[in-house]
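As structure tokens, the structure follows; a few thoughts come after it.
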Amino acid sequence: AACGPLLRGHNALLVAPSATGKTEAALAPVIERMLNMRPPAPAAELGLLYIAPTRALCREMAERLHQNLSLLDRRVRPRTGDTPTLPRPCPFGLCTTVESLDSLLARAPATLSTVRAVVLDEVHALHGNPRGDQLMVLMGRLDRATKSPPQRVALSATVSDPDEFVRRYLGSGQLISGEGRRATRLRTVKDIEALAAAIREEGLRRVLCFAKTRQAVEEGAAALRPFIGAGRVMVHHAGMSRRVRHEVEEALRSSPVWVCVATSTLELGIDVGAIEAVGLLDVPTDPATFQQRSGRAGRRDPVVRVLVV
């Protein structure tokens, strides 16, 4: 559904559930269009800008895209608070956060003058808060910094007001919706001890738990360790150093058995391997957050397993 409009250069909002391939559905045709331009987008000129809410997702996407596009002699690099130095020579694609884009527009607008396409991933995580307002303003500034306004594509798992999304972040464009919603098996438990018992009872080996604050993450992990085992319980949040966060992400990918308690840093798309169930240590702030967090479980399974304290 996305390929035709995007290959023709249209702006679009892609809406589909988690794990249905939105990112590839956007990036594959956008990049193909850029490489088929006459002249094609040069390898040593910034043509693609990928914007995501978190540094972890930017780093993950930079690695995934670079691995694929290096076959076409195109480089993709991250530029976030974790990696603030602008890569040299200039890469074909740059994965960045809202705040880092703001910095680039202020400090190095000439670098952005050649951008031909912008992909806004997980835009629902920004909508309705000051970061969403900031992104809307930055899109206007980017248009003025480029030789011609770039193609814009936004991706979201949950959208309550698609027309407003299109107006704010794309200016104009079409809505492309995908199917694939899965059934949810919800189990409620009364406390952390009961959560640990449910994990053991259901034989779950890889469980991603969410809490609202860094303090709640640390307290939840500490409460789980006596029941799960200290070596099996990990934490992930933005208050940790870059090195430690990266070590945790790698451990989650490589370890066969774990429970990880995180804030929204692991909510959005980053690959930590197969997750059998999601645990919610508190009530999500809104239905969209519940849908996004629960969608992290069993990404190839027909039923999502969710344990709620």
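Read-outs throughout are calculated quantities, based only on the coordinates presented, and are distinct from any laboratory measurement. Every value quoted in this text rests on a predicted model; they were computed, and no experiment measured them. Here the Cβ is made from the backbone with ideal geometry for all residues, glycine too, and neighbour counts use every protein chain on show.
Zone of residue 147 (label point 7 Å along Cα→Cβ, backbone N under 14 Å): which residues in region 75-116? 110-116, by backbone N distance to the label point. When shorter helices are ignored and each DSSP H run of at least 4 residues is given -39500 (n - 2.57), the per-residue value for the chain at 222 nm works out to -11000 deg cm²/dmol. The distance linking region 157-235 with region 1-16 is 29 Å (Cα centroid to Cα centroid, whole angstrom). Over the chain, what is the relative contact order in whole percent, taking alpha-carbon pairs under 8 Å and six or more residues apart? Relative CO of the chain lands at 20 percent.
Spacing of the modelled spin labels on residue 183 and residue 253, each 7 Å from Cα toward Cβ, amounts to 3.4 nm. Alpha-carbon geometry of the chain: the Rg and the Dmax are 19.8, 62 Å, given in that order.
Cysteines of the chain lacking any other cysteine Cβ under 4.7 Å from their own Cβ: 3, 90, 209, 260.
Fraction of C-alpha pairs exceeding 22 angstrom in region 192-277: 17 percent, rounded to a whole number. Taking 92, 165, 227 in turn, the Gaussian network model of the chain (Cα-Cα springs below 10 Å) assigns the largest fluctuation to 227. The mean sequence separation of alpha-carbon pairs under 8 Å and at least six residues apart, normalised by the residue count of region 124-277, gives a relative contact order of 21 percent.
With a Förster radius of 35 Å applied to the C-beta separation of residue 45 and residue 129, the computed FRET efficiency comes to 0.60.
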